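First the structure, in the form of structure tokens, and then the observations on it.
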There are 2 protein chains.
Amino acid sequence: MKALHFDGQLSLRDVPNPQPASGEALIRVRLAGICGTDRQILKGYSGFRGIPGHEFVGEVLKCDDCDDKPWIGRRVVGEINVTCGHCDWCRRGLGRHCVSRTVMGIIGRPGAFAEFVTLPVANLHEVPGEVPDEEAVFVEPLAAAAEILEQMPLAPGTRVAVLGAGRLGLLVAQVLRHAGAQVTVIGRTGRSDWKLKLAQSWGLNTVRLETAGEVGAHGDAPLQPRSFAVVVEATSSPQGLEEALQLVEPRGTVVMKSTFHEVAHFDTANLVVNEITLLGSRCGNFATALDLLPRDAIHVEEMISRVFPLAEGLEAFNYLESASCLKVLLRNG
Amino acid sequence: MKALHFDGQLSLRDVPNPQPASGEALIRVRLAGICGTDRQILKGYSGFRGIPGHEFVGEVLKCDDCDDKPWIGRRVVGEINVTCGHCDWCRRGLGRHCVSRTVMGIIGRPGAFAEFVTLPVANLHEVPGEVPDEEAVFVEPLAAAAEILEQMPLAPGTRVAVLGAGRLGLLVAQVLRHAGAQVTVIGRTGRSDWKLKLAQSWGLNTVRLETAGEVGAHGDAPLQPRSFAVVVEATSSPQGLEEALQLVEPRGTVVMKSTFHEVAHFDTANLVVNEITLLGSRCGNFATALDLLPRDAIHVEEMISRVFPLAEGLEAFNYLESASCLKVLLRNG
């Protein structure tokens, strides 16, 4: 099959078709999304080697020894953490933290930038008929956005800033607004301008920062330091944390969503003196995301900047680096 | 009066006696404690200039226009944050975060390394007769240790590591053990040896780390990475955070207690992937600390390494830098 492969360099290759292990399904990928984490993997994050890609929608082709035969032919999305099923974390229902997990396209397991992929049947969720592929491919990042609500209470009306108007930031902003928060999306003048306009068209408050650095400098709206109860850091850059810590009020929470390869530095005295909580947040429940999509509460299709055929995967990554875009997808076939 | 004064350099000076403002008491300091934050102030932390010192016990000399006359002659400790009383934070009972606060010996208000100090009567707590000065002087840091319990629930039996066997670490360890946690104090071979023995004599579990750096390297007890639900960072060094993040289990909490002037750096991907909570924690309620002391649940007097007369305050700071010691006190008169 055709697949993108990373071994320090990304290339398009012909590789053997994957063979599903016991309990696994063979899935034909229909559409896959490129995520910030994929770009970080290309910079060395997680030390991954192999086929990247962890956002996909596909259809089950084969599932020989699965108890649950009806999976064949179904359109599915798949949870990316493949767990042992019997460690403490798995027993607590938190298999996403299983110590011996593999993670599709990130840790020790081939990903979805390929014609076919395998996953345990237990990881699969059927996509409802009314949800098109172009929405279903957002289930994984949407679940990650909704994870915040599983980790912390968010009272209606809570003042939330989302720092970063990229793919993840715009999903987080919509999910938290849907949960009742009063959300402001903060982006940079320049590359973020049209993304902030898109957010405005969805009824979100937005603020353009004119320069990197101090939060005090702002574009088209006032932005007071220490004025948000919750700040979500979704900039995918180490500098985002310092800015988030400037924006959050004492006793407030900074949620860190983006993973990046670089080391961050920050003034811990600010965190201590203002008793701020810094909350790491990663993958979420697919069921929650699949429940949100058909309600039209979350705009995802408008976030698709361009769809490339899988065979043009390298061009897709280049496009993502060079252009001011949101989601870039790879279509198989 | 005699006072220690910091203007980029610490010196002993004769300065005018402080004049209590309306609602304030004039207090004769009996005993004052030197804290890690005082040492950080000497390195530039908070940009403080003036008389440092925020841990003290003293007696009220004067309180002319206070409604509450009986304060005169009483032995007191004093909350260090002087607040406006009417901002949102003050109204929520969190005056410690008042935006226009001064903080005795730290921000814009003279401290207790002097013969006399002033504080609003509202900040004072009378010391019960059975609590000697040598215990009462620990109320401020003990309140800071107990603040953790006000910020997060701690189920009985929770596995807690306290990183750092210094003044604050040993107080935190005792307070959390008293609250029912299963506490391990972790220190370095060398300067920490006798402090860990002291902790052992109080029935606390201890682990000696042989080298700086990897948590895997250990001295006299096994120490598994990702094995504590809660890790309290009380090392007063930027490196402590990285170690704490290695010790805490997924979805666990790292409590940051120490303030230092340097910038810390850390791998935020670890925080995100393992969904760790980093909780800044500062000052606490004096009433809680005053309630703990008479119960003999917390050993404080044994932590006193040496008492210097106020006039030898410079020698006291030098001693603290040069020797492996715990609490150093300054006695007035």
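Values for this structure:
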| item | result |
| --- | --- |
| Single condition B:Cys283 does not satisfy, out of (1) buried (at least 17 other Cβ atoms within 10 Å of the Cβ); (2) more than 26 Å from B:Pro153 (Cα to Cα) | (2) |
| Residue among B:Glu140, B:Glu126, B:Glu134 that is closer than 29 Å to B:Ser22 by Cα and in contact with an Asp or Glu (Cβ under 6 Å, 6 or more places away or on another chain) | B:Glu140 |
| Test result for A:Thr184, within 24 Å of A:Pro238 (Cα to Cα) and open to solvent by 10 Å² or more (accessible area, probe 1.4 Å) | yes |
| Residue list for region B:74-99, restricted to those being buried (at least 18 other Cβ atoms within 10 Å of the Cβ), under 22 Å from A:Val272 (Cα atoms) and either among the aliphatic types (A, V, I, L, M) or free of Cβ contacts under 8 Å to residues at least 24 places away in the same chain (or both) | B:Ile80, B:Val82, B:Thr83, B:Trp89, B:Cys90, B:Gly95, B:His97, B:Cys98 |
| Of all residues in region B:275-288 being of a type in the set (S, T, N, Q) and facing chain A (nearest Cβ under 7 Å), the one that is farthest from A:Glu147 (Cα to Cα) | B:Ser281 |
| Extreme residue, surrounded by the most Cβ atoms within 10 Å (Cβ to Cβ), among residues of region B:107-165 that are assigned by TED's automatic domain parsing to the domain that holds B:Thr253 and at positive phi | B:Gly164 |
| Subset of region B:61-91 [among the hydrophobic types (A, V, I, L, M, F, W, C) and in contact with a strand residue (DSSP E or B) (Cβ under 6 Å, 6 or more places away or on another chain)] | B:Leu61, B:Cys63, B:Trp71, B:Ile72, B:Val76, B:Val77, B:Ile80, B:Val82 |
| In region A:90-113, the residues that are hydroxyl-bearing (Ser, Thr, Tyr) and either facing chain B (nearest Cβ under 9 Å) or closer than 25 Å to A:Leu31 by Cβ (or both) | A:Thr102 |
| Residue that is least open to solvent (accessible area, probe 1.4 Å) [pool: residues in region B:187-202 that are of a type in the set (Gly, Ala, Ser) and modelled with pLDDT of 95 or more] | B:Ala199 |
| Residues satisfying the stated conditions in region B:291-306, i.e. within 10 Å of B:Glu135 (Cα to Cα) and open to solvent by 20 Å² or more (accessible area, probe 1.4 Å) | B:Pro294, B:His299, B:Glu301, B:Glu302, B:Ile304 |
| Pairs where the first residue, in region B:253-274, is more than 7 Å from chain A (Cβ to nearest Cβ) and over 22 Å from B:Gly166 (Cα atoms) and the second is open to solvent by less than 10 Å² (accessible area, probe 1.4 Å) and in a helix (DSSP H, G or I), C-beta under 7 Å, 6+ apart | B:Asn270/B:Leu245 |
| Qualifying residues in region B:50-73 (those that are open to solvent by less than 60 Å² (accessible area, probe 1.4 Å), outside any loop (DSSP other than H, G, I, E, B) and in contact (Cβ under 8 Å) with a residue 40 or more places away in the chain) - the one farthest from B:Val328 (Cα to Cα) | B:Trp71 |
| Residue count for region A:229-240, restricted to those that are surrounded by fewer than 23 Cβ atoms within 10 Å (Cβ to Cβ) and within 14 Å of A:Ala173 (Cα to Cα) | 0 |
| Hits in region A:248-271 - residues which are surrounded by fewer than 23 Cβ atoms within 10 Å (Cβ to Cβ) and among the aliphatic types (A, V, I, L, M) | A:Val263, A:Ala264, A:Ala269 |
| Residue in region A:296-316 that is facing chain B (nearest Cβ under 10 Å), of a type in the set (D, E, K, R) and touching a Ser or Thr at 6+ places or on another chain (Cβ under 9 Å) present | no |
| Given (1) touching a His at 6+ places or on another chain (Cβ under 6 Å); (2) open to solvent by less than 70 Å² (accessible area, probe 1.4 Å), index of the condition A:Lys43 fails | (2) |
| Matching option when the condition is hydroxyl-bearing (Ser, Thr, Tyr) and either closer than 17 Å to A:Glu242 by Cα or within 21 Å of the chain's Cα centre (by Cα) (or both), among A:Ser192, A:Ser201 | A:Ser192 |
| Residues (open to solvent by less than 60 Å² (accessible area, probe 1.4 Å) and under 20 Å from B:Leu12 (Cα atoms)) located in region B:320-333 | B:Leu320, B:Val328, B:Leu329, B:Leu330, B:Asn332 |
| Given (1) open to solvent by 50 Å² or more (accessible area, probe 1.4 Å); (2) more than 11 Å from chain A (Cβ to nearest Cβ); (3) not hydrophobic (A, V, I, L, M, F, W, C), number of the condition B:Glu243 does not satisfy | (1) |
| Residue that is nearest to the chain's Cα centre (by Cα) [pool: residues in region B:76-89 that are of a type in the set (A, V, I, L, M, F, W, C) and within 27 Å of B:Phe116 (Cα to Cα)] | B:Ile80 |
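The values are calculated or read from the model by the stated rules, or taken from the named source; none is laboratory data. Being a predicted model, the structure only gives us computed values, none of them experimental. Don't worry about glycine lacking a Cβ; one is built from the backbone with ideal geometry, like all the others, and counts go over all protein chains shown. These accessible areas exclude ligands, DNA and RNA; they are computed on the full protein's heavy atoms, side chains included. Shrake-Rupley method; radii C 1.70, N 1.55, O 1.52, S 1.80 Å.
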